[in-house]
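The values are calculated or read from the model by the stated rules, or taken from the named source; none is laboratory data. Fair warning: this is a prediction, and the values are worked out from it, not measured in the lab. No Cβ is skipped: glycine too gets one built from the backbone with ideal geometry, and neighbour counts run over all protein chains shown. Quick note on the areas: whole protein, heavy atoms, side chains included, nothing else; ligands and nucleic acids left out. Shrake-Rupley method; radii C 1.70, N 1.55, O 1.52, S 1.80 Å.
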Amino acid sequence: MKHTYRKCTHLLAGVSALIVVSLVGCGVGESNVVIGNREGILHLGNASEPTGLDPHVVTTTDASRILGALFEGLVTRNPWTLEPEPGVAERWEISTDGLIYTFHINPKAVWSNGEPITASDYVWTWKRALHPKTGNRNAYLLYVIDNAEAFATGAIDDFGEVGVKALEEAILQVTLRGPTPHFLVQLMHHSSYALHPETILKHGEMTDRFTQWTRPENFVGNGPFILEEWAMNRYIKVGKSPTYWDRDKVSLNGVVFYPIEDDNIEERMFRVDQLHRTFTLPLDKIPAYSTMPDTPFRTAPYLGSYFYVVNNLRAPTDDVRVRKALALAVDREKIARTIMYDSVIPAYGVVPPFIPHYTPPAPFAFNPERARELLAEAGYPDGEGWPGLEITYNTSEAHRKIAIAIQQMWKKNLGVEITLANQEWKVYVETVNQKDYQVARMGWIGDVYPSSFLELFLTDGGNNDSGYSDPRFDDLLISKGGQSVTREERYRYMQQAEALLMDAMPIIPIYSYTTRLLQHPSVEGMPLNVTQSINLKYAELVPGRTLPDSIR
Amino acid sequence: MLKFLISRLLQSVPVILIVVTATFFLVRAAPGGPFDEEKAVLPEVRKALEAQYKLDLPLHEQYFAYLGDLFQGDLGPSFKYPGRSVNEILASGLPITAELGFYALLIALVIGGTAGVFAALKPNTKQDYIPMTLAMVGICMPSFLLGPLLVLVFGIYLELLPIAGWGMLPGDKILPSVTLGSAYAAYVARLSRAGMLEVLSQDYIRTARAKGLPEWQVVVRHALRGGIIPVVAFLGPAFAGLLAGSFVVETIFQIPGLGRFYVQAAFNRDYTMILGTTVFLSTLIVFFNLLSDVAAAWLNPRLRAQFQGGK
């Protein structure tokens, strides 16, 4: 009897000891930031687990960042000036008509397995990127290349007809279908990086999505870092590449990317020194951080537009006067101040007003009187006879607040009734793509050229959810703007196109995006820029600096 | 006993088949698909993607193809994470979620069991009211509140414990285990108190006391065995529930377990992943229910006799 009891207590003691030992480990040690600063390892919050590391599979910013560390394009982006710098190509020539680009590959540029990078690697990779079987969502970015679209849609089978040629081992010639001053910008995107053909073919067919070539033990890249560890949903670790041609300029010994989907958790991890830099910052934390002395809070404009897309094909918003009335009756300053804590920039156009060298057309102003007049002209004086209107948005606290604010503004300023419809993300995407909505929330991220925003409104464009169509606009954008060789001439047409667009008001602009994040004072060389891009080649860690005490 | 086991196992086959079928057709009926994103997918790209995942076949053919793969243990490739199979993702998440669930259950048993037994020994006194009130608070407090509270106190203010991760920093397993375990500890406390109260008023306990046994022997050797039957019955479903329901805790503490994949799969319309996790978890639930029935039968002499009689 006693024996059993002793067994019981022993078991209990054993179990408790097990819990204590396995849970406590060996006590809390140094933080990531302290160790990282000593060893040159940067710890980055990076939104979500990347869907993969194959440049022809992934589409998101978070994955793009990791790829930017593992690969290098023909040209790379200078994080301060945003201008192209030599990457794999040490220099390049552009023909006077702007159609032919000749890239001279740097003889020192090699793959992480030591093999030299050749022009034919690019030809092979872009064939994979465009191949109809690959299913690359970013294939359209390469459609500026002559015959690329025809090959991608299966109209031609011979890749030899596409404007990409390896003239010599180290000379790549690209022929475009029209002059495209931003072609070099597109070459900075991860979808145009070269891949190592033999590595991919070793693990499957050229167009295979399901292969193992992106695993750390198989991975071959050409960037300043190499893939060391990929622990799904935990972290991705990259280390400094010993073969990268410009390795003397790389200061970090490694980077760890953490997929953290909840921004509140990310903020807490930053506070206890587990991260050097967050991906974002929860809205409601902005007031506290912006008043903190020596704050780690950083913010900068970001090339994205938040707007309400209006169904141009359905009553009552098929009437331009109704659309304009709705646009004029929104007090954007108030939304930016009260809901977004002044962290966004009120918008009065489609293109964010901070693209270098581009001047948007003159903005309209918040004008409730004029809005009421326009609505009366359209046949709804003071909202009489108004058939009702529904705002559709996807589940998110900020979207909901903005929708409620706009509902109130339209009711107060125009006397019209508005209903709100909240939808789960995928349902919402389908609703909008099928144009089965009246007014819907939209966000669009572009690049450093205005057509990346204006293209949304081309007749029959894949992303034209508003139903807007104007041959004059298409002509300005495609024929006039698309054929201009110089940036000045092109941007002049773009400005005219945007003016035309805003006169028809197919969408209701609300605000331009900003980047907002927390950055540890030890981080240098990672300036915030309008493209949210990071060039980890330039990142540095300065030990000895600490967060302000008031952060705890 | 064997007959009982076999019949229960056979019963579970149609249950799981129904789960597979219902899930398969329900996820297809949901609006929006795995390839729908804000940026429209070009028609030629969509065609290629659908062909790669066999979505271009008629639905019933897809269903039978899936069943065929399933019987061979192949859950297919993930839609969201091409290059990884659902089997691989489950295999990477399961050990972590199971470890978390195991610690949580241990905490629940040790803390909850002790509190429940002590409360039952002196019912309607302070020794009863205090732990039972705490248990009520524990049941009512959701983990999305308790987790951040613990993080704030132990992680940020006291700087004692790491606030996120699993097996990356020393001590990072404590807070998630406590958070997940506390709600279950509260249930265990209430169940063990009720069970003990009933047993302690039985005649055989009075006999044990009359024999002059010390009180701790009466409690531990005689009363506990009967008193924890409700707890044992609760354990099987509880463990399965821990595996399937650890999503909140896994999110709060950045733990790469199954729960996060399960919930994200639904948002992503990752058809194979939703099916894979559902099938896997329902199998586990069936299995753990069976296990707790067997354990309860073994602990309860009357039920045990029934099985022996039926042999």
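Table: residues versus (1) within 18 Å of residue A:503 (Cα to Cα); (2) over 28 Å from the mean Cα position of the chain (by Cα); (3) surrounded by fewer than 20 Cβ atoms within 10 Å (Cβ to Cβ); (4) touching a residue at least 12 places away in the same chain (Cβ under 8 Å).
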| position | (1), (2), (3), (4) |
| --- | --- |
| A:315 | no, yes, yes, yes |
| A:322 | yes, yes, no, yes |
| A:335 | no, no, no, yes |
| A:341 | no, no, yes, yes |
| A:360 | yes, no, no, yes |
| A:365 | yes, yes, yes, yes |
| A:368 | yes, yes, yes, yes |
| A:375 | yes, yes, no, yes |
| task | Could you grab me the full set of residues in the stretch A:423-441 that are more than 7 Å from chain B (Cβ to nearest Cβ), of a type outside the set (Asp, Glu) and within 21 Å of residue B:268 (Cα to Cα)? | result | A:423, A:428, A:431, A:432, A:434, A:440, A:441
| field | For residue A:440: the one exception among (1) within 23 Å of residue B:29 (Cα to Cα); (2) part of a strand (DSSP E or B) | value | (1)
| message | I'd like the full set of residues that are touching an Asp or Glu at 6+ places or on another chain (Cβ under 9 Å), surrounded by fewer than 19 Cβ atoms within 10 Å (Cβ to Cβ) and in a loop (DSSP other than H, G, I, E, B), limited to the stretch A:482-525. | response | A:485, A:521, A:525
| remark: Counted residues in the stretch A:383-403 being under 9 Å from residue A:421 (Cα atoms) and surrounded by 18 or more Cβ atoms within 10 Å (Cβ to Cβ) come to 4
| field | Residue satisfying all of: in the stretch B:45-57; open to solvent by 40 Å² or more (accessible area, probe 1.4 Å) and part of a helix (DSSP H, G or I); nearest to the other protein chains (Cβ to nearest Cβ) among these | value | B:52
| For residue B:7, which of the numbered conditions (1) away from chain A (no Cβ under 12 Å); (2) in contact (Cβ under 8 Å) with a residue 40 or more places away in the chain fails to hold? | (2)
| Checking residue A:203 against (1) open to solvent by less than 50 Å² (accessible area, probe 1.4 Å); (2) without any contact (Cβ under 8 Å) to a residue 24 or more places away in the chain; (3) in the same structural domain as residue A:105 (by TED's automatic domain parsing), the condition it does not meet | (1)
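Scan the helices (runs of 4 or more DSSP H) fully inside the stretch B:202-271 and keep the ones with 1 or more residues being closer than 19 Å to residue B:101 by Cβ and facing chain A (nearest Cβ under 10 Å). Walk me through it before giving the result.
Values: elements: B:203-210, B:224-227, B:229-245, B:247-252, B:258-268.
Answer list for the stretch B:202-271: B:247-252, B:258-268.
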| said: Can you tell me how many residues within the stretch B:9-33 are open to solvent by 60 Å² or more (accessible area, probe 1.4 Å) and under 30 Å from residue B:300 (Cβ atoms)? | reply: 6
| query | When residues of the stretch A:68-86 are filtered for being touching a residue at least 40 places away in the same chain (Cβ under 8 Å), in a loop (DSSP other than H, G, I, E, B) and touching a strand residue (DSSP E or B) at 6+ places or on another chain (Cβ under 8 Å), how many remain? | reply | 2
| query | So is residue A:65 of a type in the set (D, E, K, R), in a helix (DSSP H, G or I) and out of contact with any helix residue (DSSP H, G or I) (no Cβ under 6 Å at 6 or more places or on another chain) or not? | reply | yes
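Given the options B:128, B:74, name the one that is over 23 Å from the mean Cα position of the chain (by Cα), part of a helix (DSSP H, G or I) and of a type in the set (Asp, Glu). First the steps, then the outcome.
On the way: B:74 fails: part of a helix (DSSP H, G or I).
The conditions single out B:128.
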| said: For the stretch A:447-459, check the following and say yes or no: at least one residue is crowded, with 22+ Cβ neighbours inside 10 Å, part of a loop (DSSP other than H, G, I, E, B) and either at pLDDT below 95 or more than 24 Å from the chain's Cα centre (by Cα) (or both). | reply: yes
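State which residue is surrounded by the most Cβ atoms within 10 Å (Cβ to Cβ) when the search covers only the stretch B:34-44 and only residues that are more than 7 Å from every other protein chain (Cβ to nearest Cβ) and under 36 Å from the mean Cα position of the chain (by Cα).
We begin by selecting, within the stretch B:34-44, every residue more than 7 Å from every other protein chain (Cβ to nearest Cβ); these are B:34-35, B:43.
Still in the running and under 36 Å from the mean Cα position of the chain (by Cα): B:34-35.
Working: B:34: 22, B:35: 16.
Ranking the candidates gives B:34 first.
Can you tell me which residue among A:217, A:228 is more than 21 Å from the chain's Cα centre (by Cα), away from chain B (no Cβ under 14 Å) and not hydroxyl-bearing (Ser, Thr, Tyr)? Don't jump to the end; show me each part of the working.
Details: A:217 fails: away from chain B (no Cβ under 14 Å).
Step by step, each of A:217, A:228 is checked, and only A:228 is more than 21 Å from the chain's Cα centre (by Cα), away from chain B (no Cβ under 14 Å) and not hydroxyl-bearing (Ser, Thr, Tyr).
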| note | Per the filter on the stretch A:147-170, residues within 14 Å of chain B (Cβ to nearest Cβ), part of a loop (DSSP other than H, G, I, E, B) and either over 26 Å from the mean Cα position of the chain (by Cα) or free of Cβ contacts under 8 Å to residues at least 12 places away in the same chain (or both) are A:154, A:155, A:156, A:157
| What number goes with the only condition from (1) assigned to a helix (DSSP H, G or I); (2) charged (D, E, K, R); (3) in contact with a Phe, Trp or Tyr (Cβ under 9 Å, 6 or more places away or on another chain) that residue A:412 does not pass? | (3)
| remark: If we ask which residues in the stretch B:165-184 are open to solvent by less than 10 Å² (accessible area, probe 1.4 Å) and either more than 9 Å from chain A (Cβ to nearest Cβ) or closer than 26 Å to residue B:225 by Cα (or both), their number turns out to be 4
| message | Can you pull out every residue in the stretch A:460-473 that is assigned to a helix (DSSP H, G or I) and surrounded by 17 or more Cβ atoms within 10 Å (Cβ to Cβ)? | response | A:473
| Could you list, in sequence order, the residues of the stretch A:57-75 that are open to solvent by less than 20 Å² (accessible area, probe 1.4 Å) and at pLDDT 95 or above? | A:66, A:67, A:69, A:70, A:71, A:72, A:73, A:74, A:75
| task | Would you mind stating whether residue A:193 is open to solvent by less than 30 Å² (accessible area, probe 1.4 Å), of a type in the set (Phe, Trp, Tyr) and closer than 30 Å to residue A:232 by Cα? | result | yes
| Checking residue A:159 against (1) open to solvent by less than 30 Å² (accessible area, probe 1.4 Å); (2) under 27 Å from residue A:62 (Cβ atoms), the condition it does not meet | (2)
| field | Total residues in the stretch B:121-154, condition modelled with pLDDT of 90 or more and either touching a Ser or Thr at 6+ places or on another chain (Cβ under 8 Å) or surrounded by 21 or more Cβ atoms within 10 Å (Cβ to Cβ) (or both) | value | 4
| request: Answer yes if at least one residue in the stretch A:97-116 is at pLDDT 95 or above, open to solvent by 40 Å² or more (accessible area, probe 1.4 Å) and assigned to a strand (DSSP E or B), and no otherwise. | output: yes
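Please state which one of B:27, B:86 is more than 9 Å from chain A (Cβ to nearest Cβ), touching a strand residue (DSSP E or B) at 6+ places or on another chain (Cβ under 9 Å) and in contact (Cβ under 8 Å) with a residue 40 or more places away in the chain. Even if it seems obvious, please write down each step before you answer.
On the way: B:27 fails: touching a strand residue (DSSP E or B) at 6+ places or on another chain (Cβ under 9 Å).
After ruling out the rest, the residue left standing is B:86.
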